[in-house]
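Engineer: I'd like to ask you about the structure that follows.
The values are calculated or read from the model by the stated rules, or taken from the named source; none is laboratory data. Worth saying up front: this structure is predicted, and the values here are computed from it rather than measured. Quick reminder, even Gly has a Cβ in these numbers, built from the backbone with ideal geometry, and neighbours come from all protein chains shown. SASA here: full protein model, heavy atoms, side chains in, ligands and nucleic acids out. Shrake-Rupley method; radii C 1.70, N 1.55, O 1.52, S 1.80 Å.
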Amino acid sequence: MAFKIVVCVKQVPDTNEIKIDPIKKTLIREGVPSILNPDDANALEAALQIKDELPETEVTVISMGPPQAKAMLTECMAMGADRAVLLSDRALGGSDTWATSNALAAGIQKLGGCDLIFAGQQAIDGDTAQVGPQIAEKLALPQVTYVSKIETVGSLSDASHTMTVVRTLEDGYERIKVQIPCLITAIKTLNEPRYMSVRGIFDALQKEVTVWQAADLGVDATEVGLDASPTNVYRSFTPAVKGRGQQITGDTDRELAVNLLQALKSKQIV
Amino acid sequence: MAVVIKSEACKGCKLCISACPFEAIEMQGKVAVITEKCTACNQCIDACPFHAISREAANLKEADLDAYKDIWVFAEQRDGRLMNVSKELLGEGRRLAESMGSDTKVYAVLMGDAVENLVQTCAAYGADGVYLAEEMHLSHYTTDGYTKVLTEMIECYKPEIVLYGATHIGRDLAPRVAARLNTGLTADCTRLDVSVAAYKAYAEKYTTLDTSTLDAASQDRTLLQTRPAFGGNLMATIVCPKTRPQMATVRPGVMQQCEKDMTRKASVIRIQPALCETDIRTEVIEVVKQAKAMVSLSDAEIIVSGGRGLGTEEGFKLMETFAAKVGGTVGASRAAVDAGWIDHIHQVGQTGTTVKPKVYFACGISGAIQHLAGMQDSDLVIAINRDPEAPIFEVADFSIVGDLYKIIPQLIESWDDIMYTA
Ligand SMILES: Cc1cc2nc3c(=O)[nH]c(=O)nc-3n(C[C@H](O)[C@H](O)[C@H](O)COP(=O)(O)OP(=O)(O)OC[C@H]3O[C@@H](n4cnc5c(N)ncnc54)[C@H](O)[C@@H]3O)c2cc1C
Ligand SMILES: Cc1cc2nc3c(=O)[nH]c(=O)nc-3n(C[C@H](O)[C@H](O)[C@H](O)COP(=O)(O)OP(=O)(O)OC[C@H]3O[C@@H](n4cnc5c(N)ncnc54)[C@H](O)[C@@H]3O)c2cc1C
Ligand code: SF4
Ligand code: SF4
């Protein structure tokens, strides 16, 4: 029997390229490319590596977002995913992580469930790292987060139905055996995501991205969207910069160093 | 609540379009409309010179919010040691409790096996009471075990606020608990307020926010949870108006601990967790502490950080000598870590450690926003960089434009002479 894997992928602005307008104090989004969230590329790669081993495996990528996210999903198919689903509806807009995970969990259920779910640890725009665990909770699955290594994946014919993974901690790591089905969140060190192949791109362009709306998912405004979300943004602003301090002057490197130390000393901090 | 544009008031000037960080506004004919990409971040509201954009409140059915009281701190322990971030949160809990009124108490939630000895530590750092849940299956953290016990405690005792450290454990546990309780969770906060007046004062002093709509006399004590998003490019203050508890994970190293006072006492409420083996669907096979010593960046008073400007791995030898001379700890930018010159444990910034030392030396670091996010609250920042245009100088108290390989040896040589003579 084939393994069924779902990978949650999000389209994000490349936050590295974002700059702040120093006068208007707003973000400059112009010309900032939209990309596949970096951790999600690792999540997809992990799924594709299982497919490399067990070619029967079916890998589905799922995303919630505006219609523009189709391009990213096509790229995921060009990397090797078998099919792609986009949850897109005005009613889903403004969802916080609680509501986002409701929509994604409903989408995964509509797919008929699966044996394994991969998500990224964190999206680089919302930055919460909450959606993965919340999908797992809503599907009543066990989870392992911050996964940096997948050691073994028990095949489904194997009675134990477990996999062994490495979860990183700030001061080391733990090896965890987890029951399948489960949800795993990937960090950057898990693997090196592959590139799209020419063949893959050709095949992906022949495939359609399935689009589901809120009604297709059977979710309503108490579960998804802005009004259903328990959290709201109260205010938002760009961080203030502290402003330039004093430039130390001096004719030689020695003078510069001495003048700095004198200035430091006068502050009586050190 | 949705953000909407009143089409009759819109003059089509397009200013809101460039203000929106999410490309969520489009022109339809002569007027702007907000699309489904909108995250209700509010950035466009002030950008419209014609006051055409506003927030519409939805009719909410309010839960019985008054049934919830007190502040809980998840007292994270590993191997019987209380994490520093939990001490910081107890301190922050005390400060919040003070502005909420004398009937608000701060509780630590201590889970583990044979961890009763930490009750006194929690008290010393500010807990009025400790919920103590001891059970064999809680000896090591598991998502399933901790989620079950903690959610049941929250359902039973109804705290108004629950705070977790934004650690690999806190960020695994808190979202799961929030989903089970159907309440909101704010991620990785760097500031918390329960008073609009205090929030307004902060916003006026440190941010670019237009505070004219904030009412300093408001008695509202909703938890205002401020956090960086968008890779540190945007700060958002999040509220959780309709559900309880209000929950947040808080970044380590940001909040202040209280003065430790071992004479403080806390009441103990013992919880009998109902857990069995089958509740836990993961098995921790082994826990490995990495042999390398924990670099205590978050506690360091002086940090000397090196970046890509060091050029080679050898550069960190110079940084170590410098650190030894000034009694500091070595930090690094991500570029230096990614180059393999130094371990990630030294990384300062958004995806590394947040630090707040008395003195921060940034040597050969350009000052990317993600780096600044982790160090800009340092008391004093000193930047040494060859490039006079480097953004790091924008946050530096003292700047030296020059070659770090020439300046730092001079600093090392002159340090004792200048610092230790009258
Ligand atoms: C400034 C700002 C601050 C916010 N703060 C909060 C907050 O504190 N709490 C809160 O609940 N919400 C918050 N939100 C809302 C939150 O960003 C959205 O709910 C977002 O859809 C998901 O959160 P994330 O980007 O943090 O994802 P993360 O939880 O960081 O994403 C983790 C993984 O989940 C999967 N995933 C996430 N989103 C999707 C998707 N749309 N489609 C497919 N897979 C996905 C991906 O695999 C991803 O790698 C905030 C929004 C803004 C604009
Ligand atoms: C999601 C995300 C998270 C990130 N998180 C972090 C994080 O936590 N921490 C972090 O640091 N970065 C982080 N980054 C990376 C960040 O964007 C920058 O790429 C990084 O901080 C750059 O490091 P740097 O300043 O050392 O290198 P560079 O930007 O290359 O700067 C090197 C500097 O050294 C100067 N220099 C060169 N030679 C000399 C010399 N001989 N003497 C003096 N000066 C010299 C140069 O003028 C230059 O300014 C993150 C990025 C992303 C996308
Ligand atoms: S509220 Fe924020 S996301 Fe929505 S349209 Fe305005 S600026 Fe864009
Ligand atoms: S800024 Fe105001 S007036 Fe100008 S386009 Fe936007 S909504 Fe219309």
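Engineer: Those residues that are more than 16 Å from ligand 2 (Cβ to nearest atom) and of a type in the set (D, E, K, R), I need them from region B:182-200; list them, please.
Structural biologist: B:R191, B:D193, B:K200
Engineer: Among all residue pairs at least 6 apart or on different chains, which show Cβ distances below 7 Å where the first residue, located in region A:18-35, is under 13 Å from B:C20 (Cβ atoms) and modelled with pLDDT under 75 and the second is open to solvent by 80 Å² or more (accessible area, probe 1.4 Å) and among the basic types (K, R)?
Structural biologist: Note: pairs meeting the criteria are A:I28/A:K19.
Condition check ((1) at pLDDT below 95; (2) under 30 Å from B:Q225 (Cβ atoms)) across all residues:
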residue	(1), (2)
A:V211	no, no
A:D216	no, no
A:D227	yes, yes
A:P230	no, yes
A:T238	yes, yes
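Engineer: For region B:338-374: of the residues being more than 12 Å from every other protein chain (Cβ to nearest Cβ) and touching an Asp or Glu at 6+ places or on another chain (Cβ under 7 Å), which is nearest to ligand 3 (Cβ to nearest atom)?
Structural biologist: Per the stated criteria, the residue is B:K356.
Engineer: Here's another thing I want to ask about it. Report, by residue number, each residue of region B:110-129 that is out of contact with any helix residue (DSSP H, G or I) (no Cβ under 7 Å at 6 or more places or on another chain) and of a type outside the set (S, T, N, Q). Let's see the steps before the verdict.
Structural biologist: At the first step, the residues of region B:110-129 found to be out of contact with any helix residue (DSSP H, G or I) (no Cβ under 7 Å at 6 or more places or on another chain) are B:114-121, B:123-124, B:128-129.
Across region B:110-129, the qualifying residues are B:A114, B:V115, B:E116, B:L118, B:V119, B:A123, B:A124, B:D128, B:G129.
Engineer: Only residues that are of a type in the set (K, R) and at positive phi: list them for region B:119-165, please. Break it down into steps so the answer makes sense when it comes.
Structural biologist: Initially, region B:119-165 is screened for residues of a type in the set (K, R), giving B:148, B:158.
The one that is of a type in the set (K, R) and at positive phi: B:K158.
Engineer: Give B:I382, B:I400, B:I412 a once-over and let me know the one that is without any contact (Cβ under 8 Å) to a residue 40 or more places away in the chain and over 30 Å from A:I124 (Cα atoms).
Structural biologist: Answer to the selection: B:I400.
Engineer: Residues being more than 12 Å from ligand 1 (Cβ to nearest atom) and at pLDDT below 85: count how many of those fall in region B:228-257.
Structural biologist: 2
Engineer: Also, I was wondering about something else. Restricting the search to region B:48-60, which residues are within 11 Å of chain A (Cβ to nearest Cβ) and open to solvent by 40 Å² or more (accessible area, probe 1.4 Å)?
Structural biologist: Result: B:R55, B:E56, B:A57, B:N59, B:L60.
Engineer: If you check B:A216, B:A236, which single one turns out to be in a loop (DSSP other than H, G, I, E, B) and among the hydrophobic types (A, V, I, L, M, F, W, C)?
Structural biologist: On the way: B:A236 fails: in a loop (DSSP other than H, G, I, E, B).
Exactly one of B:A216, B:A236 is in a loop (DSSP other than H, G, I, E, B) and among the hydrophobic types (A, V, I, L, M, F, W, C), namely B:A216.
Engineer: Of the numbered conditions (1) more than 7 Å from ligand 2 (Cβ to nearest atom); (2) buried (at least 23 other Cβ atoms within 10 Å of the Cβ), B:K358 satisfies every one except a single condition; which is it?
Structural biologist: (2)
Engineer: Show the residue pairs meeting these rules: Cβ distance below 8 Å; 6+ apart or different chains; first residue within region A:223-237 and open to solvent by 20 Å² or more (accessible area, probe 1.4 Å) and of a type in the set (K, R); second residue near ligand 1 (Cβ under 10 Å from one of its atoms) and not in a strand (DSSP E or B).
Structural biologist: Taking only residues 6 or more apart or on different chains, the pairs are A:R235/B:N42.
To keep it simple, each residue is scored yes or no on (1) open to solvent by less than 20 Å² (accessible area, probe 1.4 Å); (2) within 25 Å of B:P252 (Cα to Cα); (3) among the small types (G, A, S); (4) over 19 Å from the mean Cα position of the chain (by Cα).
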position	(1), (2), (3), (4)
B:K148	no, yes, no, yes
B:G170	yes, yes, yes, no
B:P175	yes, yes, no, no
B:A179	yes, yes, yes, yes
B:A187	yes, yes, yes, no
B:L192	yes, yes, no, no
B:D215	no, no, no, yes
B:Q219	no, no, no, yes
B:Q225	yes, yes, no, no
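Engineer: Quick check on this structure: which one of B:C16, B:C41, B:C20 is over 28 Å from A:T222 (Cβ atoms) and within 14 Å of another protein chain (Cβ to nearest Cβ)? Show your work before the answer.
Structural biologist: On the way: B:C41 fails: over 28 Å from A:T222 (Cβ atoms); B:C20 fails: over 28 Å from A:T222 (Cβ atoms).
Being over 28 Å from A:T222 (Cβ atoms) and within 14 Å of another protein chain (Cβ to nearest Cβ) holds for just one of B:C16, B:C41, B:C20, which is B:C16.
Engineer: Looking at region A:93-141, which of its residues are within 7 Å of chain B (Cβ to nearest Cβ) and more than 16 Å from the chain's Cα centre (by Cα)?
Structural biologist: Hits for region A:93-141 are A:G93, A:G94, A:E137, A:K138.
Engineer: Which is more than 16 Å from ligand 1 (Cβ to nearest atom), open to solvent by less than 50 Å² (accessible area, probe 1.4 Å) and closer than 16 Å to A:A263 by Cβ, of B:I384, B:I408?
Structural biologist: Details: B:I408 fails: closer than 16 Å to A:A263 by Cβ.
Among B:I384, B:I408, only B:I384 is more than 16 Å from ligand 1 (Cβ to nearest atom), open to solvent by less than 50 Å² (accessible area, probe 1.4 Å) and closer than 16 Å to A:A263 by Cβ.
Engineer: Condition check: facing another protein chain (nearest Cβ under 8 Å) and either within 16 Å of ligand 3 (Cβ to nearest atom) or part of a strand (DSSP E or B) (or both). Does B:S399 satisfy that?
Structural biologist: Yes; evaluated as a whole, the condition is true for this residue.
Engineer: Mind telling me which of the residues A:R244, A:R194, A:R199, A:R254 ends up being within 30 Å of B:K200 (Cβ to Cβ) and among the charged types (D, E, K, R)?
Structural biologist: Values: A:R194 fails: within 30 Å of B:K200 (Cβ to Cβ); A:R199 fails: within 30 Å of B:K200 (Cβ to Cβ); A:R254 fails: within 30 Å of B:K200 (Cβ to Cβ).
Among A:R244, A:R194, A:R199, A:R254, only A:R244 is within 30 Å of B:K200 (Cβ to Cβ) and among the charged types (D, E, K, R).
Engineer: While we're here: Return the residues of region A:26-68 that are of a type in the set (A, V, I, L, M) and part of a loop (DSSP other than H, G, I, E, B); say none if nothing qualifies.
Structural biologist: A:V32, A:L54 - these are the residues of region A:26-68 that are of a type in the set (A, V, I, L, M) and part of a loop (DSSP other than H, G, I, E, B).
Engineer: Tell me, which residue of region A:145-163 that is facing another protein chain (nearest Cβ under 10 Å) and at pLDDT below 95 is surrounded by the fewest Cβ atoms within 10 Å (Cβ to Cβ)?
Structural biologist: So, considering only residues that are facing another protein chain (nearest Cβ under 10 Å) and at pLDDT below 95, the one surrounded by the fewest Cβ atoms within 10 Å (Cβ to Cβ) is A:E151.
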